[in-house]
Each structure stands twice: as structure tokens, then as C-alpha cells.
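Here is the structure we will look at, set down as C-alpha cells.
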Amino acid sequence: MGLVTRDAGRARARGGSPGRPRVIRKRFGQHFLAPAWAQKVVDAIAPAAGDIFLEIGPGTGALTLPLAAAKVTILGVEIDRDLAADLAMRSPAHVTIVTGDFLHADVIPFLAGLEPQRTPAAHDVHRPRRFRVVGNVPYNVSSPIIFRVIELQRQHQLFTDATIMVQREVADRLVARPGRKEYGVLSVSAQMHTRITKLLDLPPGAFRPAPKVRSSVIRLAFGPPAARVPDDLLFDRMVRTLFSARRKTLSNAVKRLDPKGPDALALSGLDGRRRPETLQVTELARLADCLSIVRRPPVL
């Protein structure tokens, strides 16, 4: 991951105009947000004095520059080096652009070194500094990006919320309730660690080029998990295994999970005739807790 300064941006731009046509790189899933819709998204984000934003995939700056006008500090992580250089050239000093793939970049040291661009008002001086995430992310990697944001939050407990634009179907999966066909691993992982709100729906015409799908802006608000589990990795593996057999009964699904799966199911008190897709997040956490218990070696 590399820092792009305004001087480096000018060098890469080779004297070109910021308004010149941009090459759309299909491998990056690029769809750029129109200015009028970008302002609606910024209004939904509601930036406030003292906020520090991590922006995933700032692209041409459709969200970056209106957010910067609200006098917030921004770290943008852009995978396209040419877009990063151009945006760095056009951004004010309180916007930092780095090149890299967010899925693999170590962004925390960069964020830790940033300071708020503007001090909160006197009546709000005791409000903690907020680190927030925002992004119009490539739809072909939206789920991995959401998993990555959640994992960073689990590790560092840094972010207040994440406002992300995703394909409408992904938004439906994020907010899906048990028993719905959209309910799955993404639903459970997100609902375990965040409180999800759909803020805005956008038509294909809000982007250039227009995608073939509709879009939604969702907010993931971070806070205490919906339930405590003794082993996050065990919980994640259990959820993935159970939902790979989502239509089977729990009695059959837990046999694929672990040799002691049936013992854990009996200890949990859950009805073995139910299907994994009907379990609430808290019920899945209970099953994971019981699995952890029955796997412990006996005390001699």
C-alpha cells in the first residue's frame, strides 16, 4: 500500500485535466456515482465535526470531495493507481489517498496517525472522536469487503459505523431475518456484530456506466455483539458449515460440523427437527457455546 501525494498526482496526471474522460477498468468493477446522487449519499452519511473517515474505493472522488467540504479528515484506499493519483491532485490537505487493495491493506497505522481536521463545537467537546467507514464498493467483492470491515472492528474496536453502497440483493441479505431465503452466513456475521439500517435505494441511472442491478446504501452501526461466544473462529466455522446444509434438519447438519455436534445440540435444548436457516443469531451463539463446552477435554 502506497501513499499518493498531490505532487505525485500531478506527475501521474502528465498535465491532463481533472475532467478528462476516465478509462473504466472492468476488472475493478468500477461504476462512478453521479454528483446529485453522491450528495444524497453524503447527506445520509451525516458527517460531523471531528469525524475521521476511512473511504474504501474513493474512485473519482464523488463522495470524497463532498465529505471533505464538510471539514472531516479522510483516508481513501484506492486500488486503481491512476484514479488515486488524479484524486490526490484534486483533494485538499485533510484528505490522504493511498493505493492498495483494501482486502489486504493494513489501514490501521494510517488511521491512527490522523487527527480530526476540525475540533467539535464547545457543546459537543466531550463527544469521542469517531472513526467511520464509507464506500461505494465494487459489487463483485462487496461481501468480502463487509467481512473485512467487521473483522477489523472485531480486532481493533475502532469504528463507530460503516456506510456502504451495495447491490440491492446484498442489502436484502444483510437485513434478512431467519427463515427467509436471503438469510445466510453474511446475515449472521453482520447481525452478530452490527445493527443494520437501509438508508437509501439508488437506481442504475445513478451511476456511470449504469450497472445492470439496483443499489442500496446501508449503515452498519457497531456496538456490543448480539451474543457472546467463547471462540469467534469456532462460531464462524460452525455458521458456515450449518448454512452449507441449511435445508437439512439440525440433527443431520450438526453431524457434519463435529463428532460432538449431536452432544452440543442436546445440551443447547434446540429442537433437532429445525433447520439451520431458522435459527436466530442468539440461538446460533448458544449452540456454539455448547459445542465449545462438549469439546473441552475432561478434567481429571
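Quick rundown of the values:
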| item | result |
| --- | --- |
| Segment 178-198 residues that are at positive phi, paired with ones that are surrounded by fewer than 18 Cβ atoms within 10 Å (Cβ to Cβ) and not in a loop (DSSP other than H, G, I, E, B) (beta carbon under 7 Å, 6 or more apart) | Gly179/Thr278 |
| Leu114 vs. criteria over 22 Å from Pro144 (Cα atoms), crowded, with 17+ Cβ neighbours inside 10 Å and more than 19 Å from the chain's Cα centre (by Cα) | yes |
| Residue selected from segment 250-300 under the condition under 18 Å from Pro178 (Cβ atoms) and among the basic types (Lys, Arg), by the criterion surrounded by the most Cβ atoms within 10 Å (Cβ to Cβ) | Arg286 |
| Strands (runs of 3 or more DSSP E) contained entirely in segment 37-106, each with at least 1 residues that are of a type in the set (S, T, N, Q) | 73-78, 95-99 |
| Those residues of segment 218-269 which are of a type in the set (Gly, Ala, Ser) and within 30 Å of Leu200 (Cα to Cα), in sequence order | Ala221, Gly223, Ala226, Ala227 |
| Any hit, segment 175-182, residues being modelled with pLDDT of 95 or more, of a type outside the set (D, E, K, R), under 14 Å from the mean Cα position of the chain (by Cα) and in a helix (DSSP H, G or I) | yes |
| Neighbours by Cβ (under 9 Å, 6+ apart or cross-chain): first from segment 32-57, within 17 Å of Pro209 (Cβ to Cβ); second β-branched (Val, Ile, Thr) | Phe32/Ile24; Phe32/Thr60; Leu33/Val41; Leu33/Thr60; Gly57/Val77; Gly57/Ile79; Gly57/Val137; Gly57/Ile145 |
| From the options Ser216, Ser244, residue that is among the hydroxyl-bearing types (Ser, Thr, Tyr) and buried (at least 17 other Cβ atoms within 10 Å of the Cβ) | Ser216 |
| Which listed residue, of Val188, Val239, is more than 17 Å from the chain's Cα centre (by Cα) and either of a type in the set (A, V, I, L, M) or buried (at least 17 other Cβ atoms within 10 Å of the Cβ) (or both) | Val239 |
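The values are calculated or read from the model by the stated rules, or taken from the named source; none is laboratory data. As the structure is a prediction and not an experimental result, all values here were calculated from the model. So basically every Cβ, Gly included, is an ideal-geometry build from the backbone, and we count neighbours across all protein chains shown.
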